[in-house]
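These notes are about the structure you will find just below.
Any read-out appearing in this document is the output of simple, stated calculations on the displayed coordinates, not a laboratory observation. Here the structure is a predicted model, which means the values were calculated and not measured. Virtual Cβ from ideal backbone geometry, glycine too; neighbours counted across all protein chains shown.
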Amino acid sequence: MPDSHPHRTTASFGTLPVFMTTISTILGAILFLRFGYAVGHLGFLGVIGIIFLGHMVTIPTAMAVAEIATNHKVQGGGAYYIISRSFGINIGSAIGIALYLSQAISVAFYVIAFSEAFDPLIRYLHYEINTPLIDKRWVGLASMTLLSMIILSRGAKIGIKALYFVVAILFTSLLFFFLGKSNSTEPFILSAQIQNPDSFFFVFTIIFPAFTGLIAGLGLSGDLRDPSKSIPRGTLWATLGGFVVYILVAYKLAISASPEDMASDQLIMEKIALWGPIIPIGLAAASLSSALGSIMVAPRTLQAMGYDNVFPGAGLNSWLSRGKEKDNEPTNAGLISIIIGFVFVAFGDIDFVAQIISMFFMVTYGAICLISLLEHFAADPSYRPTFKSRWYISLIGAVTSFWLMFKMNAPYALLSLIVMGGIYTMVSSYKQKEKGLVNLFRGVVFQASRQLQILAQRADREDLDEHWRPFTICVSQDTFMRRSAFDMLRWISLKYGFGTYIHYIKGFLTEETNKESKEILNKLINLAAGSKNRVYLDTIISPSYTSAIAQVIQLSGISGKGNNMMLFEFSQTEPEALEEALNTHDILYATGFDLCILNTSYKGFGYKREIHIWITPADSDNANLMILLGYIIMGHPEWKEGIIKIFAIYQPEAVTRRKEELKQLIKEGRLPISLTNISLISAEGNRGTREIIGEVSLDADLTIIGFRHEQLSTEGYKLYTGYNKLGNVLFVSANKKKEIN
């Protein structure tokens with residue numbers, strides 16, 4: 001992701017230009033042309049609702065902008081720079097192009113509004129002097145031409161100088177309006193409105209461009225001496241100032257004119273003001289200042305995207321990012337913006353243009369609030385803004401923005417999201433994958449995981465065996481020779497438990513072995529990516545396998561709960577390799593671990609169709625764990641066609657009683673094991689247990705057999721031998737009896 005950006009060689013603007021650009025856009029054409037319409041259709045209370053609803057988006061966005069701007073230097077591109085540096089260039093491009101179009105179209109919107117200010121003069125000339133009735137679009141096109149010539153020749157500095165003048169006129173016209181007298185003979189009613197009014201959200205869509213001023217000020221970021229200081233101050237003060245003025249104007253309109261007059265006369269403020277002509281003059285000043293603000297900001301957004309190579313073709317990006325040699329003024333990007341402005345000025349419909357820019361601005365506001373929200377939850381140490389908003393304020397802004405998009409115009413909202421999705425796909429097709437969004441969400445997931453782990457640990461109760469689930473850990477040095485232990489772990493942990501697979505590296509911790517461990521971990525991750533699993537992977541360096549086990553069992557569980565089961569694995573042809581691992585069985589038993597030992601044969605796991613569970617009189621503590629493990633393994637999609645068969649070996653006099661007990665256990669435990677798959681075998685004759693299991697489970701894909709902890713002290717690894725005819729065998733020893741039902 002590029003870190004450099006178009007810099008002005010003479011970046012000298014302070015807070016005042018940000019404030020003026022923002023406030024002049026906020027108190028712009030909509031205030032003069034459409035606030036009377038809004039009060040007439042919705043009444044004073046309805047417009048107050050619009051103002052508050054609009055500021056549920058703009059105030060959180062202003063605070064988010066202030067927060068992000070004080071965390072790092074916001075360079076050229078304003079809102080685009082913020083979004084692309086948080087979400088990544090690809091997503092930033094999709095939103096940035098939409099933002100740029102809304103800024104460029106805003107130029108046309110304000111020029112059209114500027115031409116509306118000439119309506120009284122056009123009517124006067126037509127009716128009093130008998131001149132032809134001029135189409136206001138010609139005024140708009142002439143104004144657009146003059147504005148284009150000024151910006152292309154003189155750049156942003158002449159625009160800022162003009163802002164001082166037009167903002168003075170703007171506030172003067174508002175003062176004359178507030179000093180004007182009421183023309184209404186009707187008593188003031190809070191909810192007074194015309195009959196058959198336009199819907200609330202349609203009016204909101206028309207009015208919303210009045211709330212888009214903070215983006216205008218943000219767009220000057222590349223021209224500011226100290227963006228981290230000027231952007232927060234300028235945008236916040238302008239947003240709050242606009243909020244107060246809106247309420248005062250709505251109240252003044254409501255007490256000074258009837259709903260019918262406000263709905264039918266878009267220049268109703270002219271009839272209320274102390275001196276009427278000041279209102280068209282103020283409208284012209286406000287529209288001109290807003291147009292100046294937009295035409296200064298839009299090219300800078302486009303230039304910034306060209307600098308980031310957002311568009312296909314190095315030549316196009318180079319051309320768009322090119323500026324004047326003296327101050328890097330974006331003349332080429334400005335030319336494109338002017339062409340777009342001319343196209344929409346030719347339409348001449350202010351309401352149509354308002355609906356388009358409302359949608360794109362709403363997406364931008366929602367994205368900025370979402371960035372702030374995610375940054376709060378990611379808790380990245382590098383995110384240290386000097387101005388701090390609150391996560392719930394950003395949440396309100398983000399949710400309100402996306403909700404309002406669909407309330408305003410659902411087809412437009414859906415279309416805008418589809419267009420941005422298409423832009424994202426296009427940009428991703430020729431740009432390298434970047435990790436801006438991944439890193440942001442990784443931080444959020446990390447913090448959520450951390451909190452959940454702490455909650456899980458605090459809620460853990462050792463005696464609640466009825467809620468037992470396997471938190472299994474496997475330490476193996478044969479990872480790249482046999483995959484059976486990893487397969488067993490991923491089956492156990494996919495749905496019902498948690499698995500940690502650790503590759504053992506023999507040696508001492510040095511720079512070389514540490515490097516080796518990282519390489520092996522990357523190799524493990526790549527290998528695991530090809531299978532359906534939820535196993536946490538890691539490596540451990542230790543002088544011996546025994547010491548590695550001792551280290552591992554002291555580790556806190558990654559799941560947030562302590563590990564409760566150890567899985568060892570050995571090859572059927574090399575059972576003596578298990579001896580070193582078994583040296584730790586006393587420690588495992590003392591620390592409450594269940595022990596599973598997987599005997600891997602050349603048959604492997606076969607077709608994953610049958611699991612045979614063998615229960616003997618010695619398995620009073622093991623039986624339930626063995627059945628639970630069979631059930632858990634069967635929950636993996638690779639075993640979806642499989643069945644569990646239970647075989648129990650008992651003395652003849654106990655066969656009937658034990659069979660009923662097993663059936664009752666399966667029934668009450670709601671286990672998906674057919675009662676017909678429970679077989680009891682009488683332990684009579686001279687046949688040994690190994691012989692019986694070898695005959696019955698010859699074709700089983702996995703055989704589960706229990707063993708007692710005490711047997712290890714006398715038999716060692718030989719306890720697991722003598723099953724050469726079988727496929728893979730899982731030997732299970734429960735530390736304590738588990739509850740199934």
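Can you give the extra length, in nm with one decimal, that the chain gains between residue 510 and residue 679 once fully stretched, where that is 0.36 nm per residue apart less the Cα-Cα distance?
55.3 nm
Sort 627, 418 by Cβ crowding within 10 Å, fewest neighbours at the top.
Ordered from fewest to most neighbouring Cβ atoms within 10 Å, 627, 418 come out as 418, 627.
Which order do 34, 534 fall in if you start with the one that has the fewest other Cβ atoms within 10 Å?
The order, fewest Cβ neighbours first, is 534, 34.
Where does the chain land at 222 nm, in deg cm²/dmol rounded to the nearest 500, when only DSSP H runs of n ≥ 4 count, each adding -39500 (n - 2.57), divided by all residues? If you can, show how the numbers build up before the last one.
Values: 28 runs with 432 residues, N = 741.
Result for the chain, helices only: -19000 deg cm²/dmol.
So if I place +1 on the C-beta of Lys and Arg and -1 on the C-beta of Asp and Glu, and nothing else carries charge, what would the dipole magnitude of segment 601-741 be about its Cα centre? I want it in debye, nearest 20.
Around 180 debye, computed over segment 601-741.
At 7 Å along Cα-to-Cβ for each site, give me the label-to-label distance between residue 121 and residue 319 in nm.
With each label placed 7 Å out from Cα toward Cβ, I get 3.7 nm.
Sort the following peptides by mean Cβ neighbour count (other Cβ atoms within 10 Å, averaged over residues), highest first: 311-324, 135-148.
Working: 311-324: 15.8, 135-148: 17.8.
Highest mean packing first, the order is 135-148, 311-324.
Residues with amide H under 5 Å of residue 498's amide H, sequence separation 5 or more or different chain, H placed in the peptide plane at 1.01 Å from N; which?
Counting only residues 5 or more places away or on other chains, the set is 471, 472.
To the nearest 20 Debye, how big is the dipole of the chain about its Cα centre, given +1 on the beta carbon of each Lys and Arg and -1 on that of each Asp and Glu?
Dipole of the chain, to the nearest 20 debye: 1180 debye.
Return the distance in nm (one decimal) between the two label points of a simple spin-label model at residue 640 and residue 667, each offset 7 Å from Cα along Cα→Cβ.
The answer from the label model is 3.1 nm.
Between residue 587 and residue 388, how high is the FRET efficiency from 1/(1 + (r/R0)^6) when r is the Cβ-Cβ distance and R₀ = 60 Å? Nearest 0.05.
Rounded to the nearest 0.05, the efficiency is 0.80.
May I ask you to order 367-374, 723-730 by the average number of other C-beta atoms within 10 Å around their residues, highest value first?
Order by mean packing, descending: 367-374, 723-730.
Could you pull out the pairs from 640/738; 659/736; 523/736 whose alpha carbons sit more than 30 Å apart here?
523/736
Give the shape of segment 321-371 as rounded, prolate or oblate, defined through the alpha-carbon gyration tensor: a ≥ b ≥ c are the square roots of its eigenvalues, a/c under 1.5 means rounded, and otherwise the shape is prolate if a/b is larger than b/c and oblate if not.
oblate
Using a ≥ b ≥ c from the Cα gyration tensor of segment 601-741 (square roots of the eigenvalues), is it rounded, prolate or oblate, where a/c under 1.5 gives rounded and otherwise the larger of a/b and b/c decides, a/b for prolate?
Rounded, since a/c falls under 1.5.
Which of rounded, prolate or oblate describes segment 468-597 when judged by the alpha-carbon gyration tensor and an a/c cut-off of 1.5?
Details: a/c = 1.28, a/b = 1.05, b/c = 1.22.
Verdict is rounded for segment 468-597.
For the chain, build the charge dipole from Cβ charges (+1 Lys, Arg; -1 Asp, Glu) around the Cα centre, then report which of 281, 100, 391 sits farthest towards its positive end.
The residue sitting most towards the positive pole is 281.
Note down the nm distance, to one decimal, between modelled labels 7 Å out along Cα→Cβ at residue 736 and at residue 547.
3.3 nm
Work out the charge dipole of the chain with +1 on the Cβ of Lys and Arg and -1 on the Cβ of Asp and Glu about the Cα centre, then indicate which of 87, 480, 507 is farthest towards its positive end.
87
Considering only Cα-Cα distances, which of the following residue pairs are longer than 28 Å: 608/667; 136/271; 388/515; 603/737?
388/515; 603/737, as the Cα separations exceed 28 Å there.
Of the beta bridges DSSP finds with both residues in the chain, what % are antiparallel, to the nearest 5? Present the calculation step by step, with values, prior to reporting the outcome.
On the way: 5 of 50 bridges.
Antiparallel bridges: around 10 percent, rounded to the nearest 5.
Hey, of (1) 30.9; (2) 27.0; (3) 28.1, which did the structure itself give for Kirkwood radius over Cα pairs in Å when calculated?
(1)
Report the gain in length on full extension from residue 715 to residue 429: 0.36 nm times residue separation, minus Cα-Cα distance, nm rounded to one decimal.
Taking residue 715 through residue 429 to full extension adds about 96.7 nm, to one decimal.
Multiply the residue separation of residue 248 and residue 414 by 0.36 nm, subtract the distance between their alpha-carbon atoms, and state the gained length in nm to one decimal.
Extending this stretch completely gives an extra 56.2 nm.
Show me the trypsin sites (Lys or Arg not before Pro) within segment 540-645 that DSSP assigns to loop and that have at most 10 other Cβ atoms within 10 Å of their Cβ.
Listed in order of number, the matching sites are 640.
Rounded to the nearest 0.05, what FRET efficiency is calculated for residue 178 and residue 326 with R0 set to 35 Å and r the Cβ-Cβ distance?
E(calc), rounded to 0.05, equals 0.20.
Relative to the longest principal Cα axis of the chain, at what angle does helix 655-668 sit, 0 to 90 degrees, rounded to 10?
Long axis of 655-668 versus the principal axis of the chain: about 0 degrees.
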